[in-house]
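Structure first, commentary second.
The values are calculated or read from the model by the stated rules, or taken from the named source; none is laboratory data. Note that the coordinates shown come from a computational prediction; the quantities given were computed from them, not determined experimentally. In this analysis, Cβ positions are derived from the backbone assuming ideal geometry, glycine residues included, and neighbour counts consider all displayed protein chains.
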């Protein structure tokens, strides 16, 4: 027998083991012994019969399976011949047919009912009534480490979504598909027109994020293996459990601080093989765009006060022939109207059909010298975007015999986006199998492999290199441009045509005046300057389970999650950017070796469920990026060897090991009272060796008070009820290589090595941090129709390992310290209501979460933690005494009466360091509905968020560059404000001159402002001074996210062609953004932000609609 | 059988992970030890940006280009901002955490006698300490002239002083004079020279001159505040030894090495930014007088220089229309002047004009212009003679100071640091502020402290604002008296 007693001893006295290595060696040896025992045990599993044949099928048996309780037919009951893989499943009316040998034993099994076995004699008709199994009717939940627990016994709140509710509309994105379905979960989506995944935040922010949102994101666990969310085969997901609080996730250790998303995939079931086809074709279309103005063309005219010599009175620059600069043939162009071609703003002339020289009329060729009318192009941007096609298909084979199960899946997704040239092809295969080797030993494995090839991933964010064409349209564009014309960007001589050229007034050298100023044709950008990558992801586990005694099981797993990405990107020759090429490769691998012992025993009314185990985790990262510098030796020869200057090489590398031992004990008394305790100790390689061990416990209990009311009339109303409470600590380490102040190897000069002392001061003695949290709540069920769950929680995230900003005059800009306290408090509630449950059924689930994260303290003398700075001095700060995630920045200065104070030049005075709101939402939630009548079903989900703010570049630049509809209007004199102020236009800001303001030497303070400023000076300059009010937007929204109308095809017809069931549906994703101020004003969907607190050039929102066919053979 | 193999594999994998943590947490991408010479090299790589003002779009934190707008060397095209004197709270993080802390470490390692400062490989202790102290003074000089009072005596102490106090500019100047005097005296040319010296290649005598030149320039800053001290320090520095005829201290950028490129090259070639052009202020001054240096400073179109009008608020596009920097200035491997002989002659001319020294101001001035033409490679005796004869250029006693400072400004193109300081203390060249500015105060006189200062060092920040005046761009610092 394996020496499991030593395990228990070790768990009981973990503190004695100062040396984790010594412990782990013993653990390994114990594991070895156990394995050898398992291997050498003389079980003759090889002699077992597997019957895959159909010999001697001499009895044709049929019948109906019903529930003994109410006589209703039971569809989907598994009926198999014991000892074989042969079997069938009852149909929608509970009927089945099967050919069996005489004297065979039939096993009827169905979830929620006791399994029943019957020996077949010679009968041809066998009706079976199954007895509801009270025990199994209770909801079973997959919890930490894959343990299935009855929900009743859990002392903490978990969220559960099953596959029907998760992927009914074939969402591509796991996080997005969870939106609104679980209380306390906030979606940080990604634009629907990219291939990116969204992220989620559970119970709000608890950390002082650095630069990315991922600091506050949960971990994703697929069949026990921690991995990335896009390794999941969506059609294979059986259920998702969301562990929210520290008590729920304590067994996962530090990485679970922000919660855990446990994904359980579908497994094969014993019985006849089934084949599932899940086919869908969907179309993605732009559903929302920035609200453009369509009256003014490109230019800079409205940046000036008067036409001067540059413009005519309508704001056109004109061609001025100079014999010293231009050829004689251009003399006839003298006086022709042009535009400021080099402007990437729309502060130009009004589009009234005036004849002018478009940009292409300056390129040599047939159009040279032509005049064209200046007319609006309202659909130009819309026409640029395509209809994306998303084909998403999968096939799964599953089944099993009495000692094995299997499920094999192939899934394929071929998707194009609305942005031209963007395409991803993804192939996934999955295999999940289990085998009972003998009565004691069983082995299992779940593996999925994903290969995806992406070309032309759209550029996102504020890109200075012009790679984000959407940013081009919304921020830096000329509104008269016709995108159709831009398709034709190649000149006769092979060179390329940009709309954003120089000024023919100053030179006639085409090399100079035809050179792009900031932008290429957007078609050039997507067709020539693309990136591509190939991604391989493997996630899987191999495990064994050995039944040592009736109540004692030993389990051991090896788990791997592996991602390999290789790709490249390029800037082609002849465009705005220098010709360049870069390649990137990255490998991420996580290995886990896990072993544990489980004990489950009932002593009369008492039950014990205990587990002890150990885990070794190893994370490796390896990344390499090389970029050519100074151009390519041969134009468009895309290889690193073509770099003219020394290529830039960046390598990222990390290695981390964490060793853990842990245990859990759950005690139960009847179905009334449950107590739960866990204890875990981690040793992390990334902590200083003197502080690398840390232990943390959790405790919890639940009291099913309704058990005491059994047989009382109260149960007529209160079907069930429990109260629950838990308390936990969770420890945390830091990323690798961050214990000591670093010495940075800087780029050498000539042959001289160069080094810089790192900019974060580290003492070398940082300690693990501990979060303490508790939660309490209740679950009740009323009239057997209404379920209500409520949880209150509070976390104190103390002594975090912070990389704190310090005054850089110390010589360091950061100081690594254990400090700070962030308190999170909140409530979560979910309500499930099933008003109808017959031919017409309706099930509705509502979820609601409200979180408040507050920064209680940072470090001595420090009250502000700066996360980052966006445009116009808007910063994200965590401030002591304030809500987590405050936006701080500039606002117009106002006097006591609230009037704006104006400077002598007519622009408002600006105050810095003003408080804005928090980025955290006030509350989030959702509503999920399933309705049906006979063969028809309708599912739809809403999600919403109230409050939370974000900084918007579309607002800053889209308005500042004159693209937005709000930049068109009349001033208080009734004159078009885009008219030159010298001609009566311009904008007068409503306000009074500030204290001490002098105009022509006269003190005008307190007088009404009388200065008119050019429109661009208002919308681009003055407005940014009020950034917090004007360009920081409300992230509230209500969205009808998914909807699917399904029809179950008639069985009578299908059975003739061997189909067990088929469902045809029409579906829509991202169906309707019902309410969102940011969408209304700026065309931005706040549930799809590219960054968690700002957008730099948000891609458009799309609506996906399509058809879905699910067939079961 | 398969299962047995699987189990066996799992078992072996598990066993193989039983090693200890010893080397797990060692980052192979970081050097474990940095000898002081490597710290010096890094500290020197940032030297040119002070006197060769450039945008550093990717090497963030060392952007000094804004000074080119204050002294009207450059104009802005499509995005007027800095040239309209937009409010500037300038970040100083990189200077303190980069070169300054590196230099402090060199001093600490030498003081502690660390093996990392080994004299054989890094230079003698005296020479290392001298160079580190001189360079530290150089950077602090730059910082105090930008902001006025700065953290100095309690700065660069890591976690020992998390919130350094601000020293008055007066005390900073006093200590810098002392540091430079002591440090240059510490230099021992007979001992091992410093290594890693990419600026002066271990020429310890040049380091003495480097230190004395800083002192010389610093002393003139005090003209209005403390003329007596200015005179004393000036003569002491001159006596201690400054640049000889034709001697220049320059930094060479490296063409072909993106990490050591001239930032202007990076801006034009790599980043494709054409946001600035040569300003009409310097352009017209030089074109009016047929000054050949303008064709070195500015891009030409068929021999024509087209300066961009200075300080307009309207957006204009530059390429092809207006002259960007000249080929010599934008080359990847350009040579950035730190201190030049011509500049020294103008400095001496000013001292002579003020009577600090007994030499002839006019002769020094004329020698300065000649040295400048030679420096920029446009010297021709006849042309120069014609140029010097023009009344705009010719030296007269009445306009001596203006002529000297204006020609100094014309010589030290892209050195806004020196030009801006000269303008503050003499009012020359007599710049007209940008017509499109929104700032009533005109050309800024100082930098606001970094915007995070108050958040990170509240008590000391409030104290310095109370002492020095409002933290804006117009409060006059200690030496900048009316």
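Give me a count of the residues in region A:383-426 that are out of contact with any helix residue (DSSP H, G or I) (no Cβ under 9 Å at 6 or more places or on another chain), under 23 Å from residue A:524 (Cβ atoms) and not in a loop (DSSP other than H, G, I, E, B).
4
For every residue, the table says whether it meets (1) in a strand (DSSP E or B); (2) under 25 Å from the mean Cα position of the chain (by Cα); (3) more than 9 Å from chain B (Cβ to nearest Cβ).
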site	(1), (2), (3)
A:608	yes, no, yes
A:628	yes, no, yes
A:638	no, no, yes
A:641	no, no, yes
A:652	yes, yes, no
A:658	yes, no, yes
A:671	no, no, yes
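Going by the structure shown, is residue A:698 in contact with a helix residue (DSSP H, G or I) (Cβ under 7 Å, 6 or more places away or on another chain), part of a loop (DSSP other than H, G, I, E, B) and more than 14 Å from every other protein chain (Cβ to nearest Cβ)?
When the stated conditions are applied, residue A:698 does not pass them.
Exactly one condition in (1) within 14 Å of another protein chain (Cβ to nearest Cβ); (2) over 19 Å from residue B:445 (Cα atoms) is not met by residue B:127; state its number.
Residue B:127 satisfies all of (1) within 14 Å of another protein chain (Cβ to nearest Cβ); (2) over 19 Å from residue B:445 (Cα atoms) except (1).
Identify, please: which residue in region A:298-309 is in contact with a helix residue (DSSP H, G or I) (Cβ under 8 Å, 6 or more places away or on another chain) and in a loop (DSSP other than H, G, I, E, B) and is, among those, surrounded by the fewest Cβ atoms within 10 Å (Cβ to Cβ)?
A:306
Does residue B:48 satisfy the criteria of being under 22 Å from residue B:329 (Cβ atoms), buried (at least 24 other Cβ atoms within 10 Å of the Cβ) and within 13 Å of chain A (Cβ to nearest Cβ)?
The answer is yes for residue B:48.
Of all residues being crowded, with 22+ Cβ neighbours inside 10 Å and more than 14 Å from chain B (Cβ to nearest Cβ) in region A:679-688, which is farthest from residue A:705 (Cα to Cα)? Just the residue, please.
Only one residue tops the list, namely A:681.
Among the helices (runs of 4 or more DSSP H) confined wholly to region B:1-119, which include 3 or more residues that are modelled with pLDDT under 95 and within 30 Å of residue A:435 (Cα to Cα)?
In region B:1-119, B:2-16 are the helices (runs of 4 or more DSSP H) which contain 3 or more residues that are modelled with pLDDT under 95 and within 30 Å of residue A:435 (Cα to Cα).
Out of (1) closer than 30 Å to residue A:491 by Cα; (2) touching a helix residue (DSSP H, G or I) at 6+ places or on another chain (Cβ under 7 Å), what's the single condition that is false for residue A:542?
(1)
Residue under question is residue B:470, and the condition is that it be within 14 Å of another protein chain (Cβ to nearest Cβ) and surrounded by fewer than 18 Cβ atoms within 10 Å (Cβ to Cβ); does it hold?
Yes.
Go through region A:989-1009 and give me each residue that's touching a residue at least 60 places away in the same chain (Cβ under 8 Å), out of contact with any helix residue (DSSP H, G or I) (no Cβ under 9 Å at 6 or more places or on another chain) and under 30 Å from residue A:311 (Cα atoms).
Selection gives A:990, A:999, A:1009.
Just checking, does region A:89-100 include any residue being closer than 28 Å to residue A:237 by Cα, in contact with a strand residue (DSSP E or B) (Cβ under 8 Å, 6 or more places away or on another chain) and either in a helix (DSSP H, G or I) or modelled with pLDDT under 75 (or both)?
Yes.
I'd like to check which helices (runs of 4 or more DSSP H) are fully inside region B:326-431 and have at least 2 residues that are over 17 Å from residue B:242 (Cβ atoms).
Counting at least 2 such residues, we get B:327-330, B:361-375, B:381-389, B:400-411, B:416-426.
Please pick out the residue among A:308, A:335 that is without any contact (Cβ under 8 Å) to a residue 60 or more places away in the chain and within 13 Å of chain B (Cβ to nearest Cβ).
Result of the check over A:308, A:335: A:308.
Working only within region B:77-100, note down all residues that are surrounded by 21 or more Cβ atoms within 10 Å (Cβ to Cβ), in contact (Cβ under 8 Å) with a residue 60 or more places away in the chain, touching a strand residue (DSSP E or B) at 6+ places or on another chain (Cβ under 7 Å) and within 12 Å of chain A (Cβ to nearest Cβ).
B:77
Do we find that residue B:337 is closer than 24 Å to residue A:345 by Cβ, touching a residue at least 12 places away in the same chain (Cβ under 8 Å), surrounded by fewer than 24 Cβ atoms within 10 Å (Cβ to Cβ) and touching a helix residue (DSSP H, G or I) at 6+ places or on another chain (Cβ under 7 Å) in this structure?
no
If I filter region B:230-286 down to residues being in contact with a strand residue (DSSP E or B) (Cβ under 9 Å, 6 or more places away or on another chain), within 14 Å of chain A (Cβ to nearest Cβ) and assigned to a loop (DSSP other than H, G, I, E, B), which single residue comes out as farthest from residue B:206 (Cα to Cα)?
Applying the filter and picking the extreme gives B:275.
Does region A:476-487 contain any residue that is closer than 30 Å to residue A:555 by Cβ and touching a residue at least 24 places away in the same chain (Cβ under 8 Å)?
no
Please specify each residue of region B:317-330 satisfying the condition of being touching a helix residue (DSSP H, G or I) at 6+ places or on another chain (Cβ under 9 Å) and crowded, with 18+ Cβ neighbours inside 10 Å.
Passing the criteria: B:319, B:320, B:321, B:323, B:324, B:325, B:326, B:329, B:330.
Yes or no, residue by residue, for (1) buried (at least 23 other Cβ atoms within 10 Å of the Cβ); (2) farther than 30 Å from residue B:318 by Cα:
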residue: B:193; (1), (2): no, yes
residue: B:199; (1), (2): yes, yes
residue: B:210; (1), (2): yes, yes
residue: B:220; (1), (2): no, yes
residue: B:223; (1), (2): no, yes
residue: B:243; (1), (2): no, yes
residue: B:259; (1), (2): no, no
residue: B:267; (1), (2): yes, no
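Considering only residues that are closer than 16 Å to residue A:818 by Cβ and free of Cβ contacts under 8 Å to residues at least 24 places away in the same chain, which ones fall in region A:862-885?
none
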